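Novice: For reference, the structure I am asking about is given below.
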Amino acid sequence: MVMATTKEPEAEEKLLQVTAPPPSIFYKKYTKEAVQNGTAPPPPTPPVGEYSAFGIAHNPEDPKSILAPLREHGVTQLYQDASNDIKELKKLNSSLVVNFLDMLDILIQCPSSPLRTKKLEELELLFCNFHHLVNKFRPHQALETLIQMVKIQKDQKINLIEQINSKMECARAGLHTTINSLPSTLALDIKSEMMDESMKDESDGRFHNKADGFDKVLCDVEMLVDRELSNT
């Protein structure tokens with residue numbers, strides 16, 4: 001970390017622009033217990049309009065502000081703006097491999113050669129261009145990540161629905177088996193009362209889906225069976 005050796009205002013302002021500030025004290029409030037209890041402070045609101053980060057002004061509405069061209073940073077751009085980014089990435093990758101092998105040859109044969117510094121600068125320039133091109137794919141990467149998250153949530157919900165339907169089918173089978181095992185007169189009384197209750201529930205509009213109605217039927221059957229058995 002760069003340490004300040006003077007207390008002049010200009011030097012302090014420059015130091016704040018080139019080094020990362022210390023972490024905020026708020027991070028101590030986001031403990032596991034505080035997050036679980038809901039006592040942790042809410043996250044800060046996203047900035048609106050132009051904002052400054054590490055001394056650099058950013059405007060979310062201006063795409064060039066988020067990913068400015070290399071020329072604006074004083075770095076030589078090795079590719080054309082209208083070129084195919086994927087092809088350029090492949091070219092830069094090949095150039096990086098070749099230059100890295102050249103650097104190894106220089107270090108093996110003559111480490112003190114001035115070509116070592118020149119080759120190191122070429123590698124740095126290639127990496128800067130490669131990194132800048134990769135960052136152009138960040139929006140696409142974020143979109144694909146959201147798509148995968150939605151697909152996972154969809155698969156989880158479909159799996160949950162299939163499990164619920166399977167349990168309902170098992171419950172229906174058990175219900176029919178129980179009714180069929182009862183005496184004929186008791187089974188007829190249960191079926192007729194179940195039909196009456198179902199028609200009443202539909203007329204009242206109390207159950208809006210099959211799951212709620214089926215839960216009500218199971219409860220009614222249990223009450224009817226207990227009542228008939230207690231009478232016998």
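The values are calculated or read from the model by the stated rules, or taken from the named source; none is laboratory data. Note that the structure is a prediction, hence the values are computed from the model and not measured. Note that each Cβ is placed from the backbone with ideal geometry, even for glycine, and that neighbours are counted across all protein chains shown. Only protein heavy atoms, including side chains, enter the accessible area calculation; ligands, DNA and RNA are left aside. Shrake-Rupley method; radii C 1.70, N 1.55, O 1.52, S 1.80 Å.
Novice: How many residues are over 17 Å from LEU89 (Cβ atoms), modelled with pLDDT under 90 and within 38 Å of the chain's Cα centre (by Cα) if we restrict to region 109-141?
Specialist: Final tally of qualifying residues: 0.
Novice: For region 107-128, which positions are acidic (Asp, Glu) and either in contact with a helix residue (DSSP H, G or I) (Cβ under 6 Å, 6 or more places away or on another chain) or in contact (Cβ under 8 Å) with a residue 40 or more places away in the chain (or both)?
Specialist: Here is the first cut: in region 107-128, the residues acidic (Asp, Glu) are 121-122, 124.
Across region 107-128, the qualifying residue is only GLU122.
Novice: Right, something else. When the residues of region 11-46 are narrowed to those that are in a helix (DSSP H, G or I) and closer than 21 Å to ALA57 by Cα, which ends up modelled with the highest pLDDT?
Specialist: Of the residues in region 11-46, the ones in a helix (DSSP H, G or I) are 11-18, 25-29, 32-37.
Filter again for closer than 21 Å to ALA57 by Cα, leaving 11-18.
On the way: ALA11: 47, GLU12: 47, GLU13: 48, LYS14: 47, LEU15: 44, LEU16: 47, GLN17: 51, VAL18: 48.
Checked region 11-46; the qualifying residue modelled with the highest pLDDT is GLN17.
Novice: Can you tell me which of (1) loosely packed, with under 11 Cβ neighbours inside 10 Å; (2) more than 30 Å from ILE25 (Cα to Cα) is the one ALA57 doesn't meet?
Specialist: Status for ALA57: all satisfied but (2).
Novice: I've got another one for you. Would you pick out the residues in region 107-136 that are within 17 Å of THR76 (Cβ to Cβ), open to solvent by 80 Å² or more (accessible area, probe 1.4 Å) and of a type outside the set (Lys, Arg)?
Specialist: LEU120, GLU121, GLU124, PHE127, HIS131
Novice: Just to be sure before I move on: is GLU8 at pLDDT below 80 and either under 28 Å from HIS132 (Cβ atoms) or open to solvent by less than 100 Å² (accessible area, probe 1.4 Å) (or both) in the structure I sent? Talk me through it step by step, then tell me what you get.
Specialist: Numbers: at pLDDT below 80: yes; either under 28 Å from HIS132 (Cβ atoms) or open to solvent by less than 100 Å² (accessible area, probe 1.4 Å) (or both): no.
No; evaluated as a whole, the condition is false for this residue.
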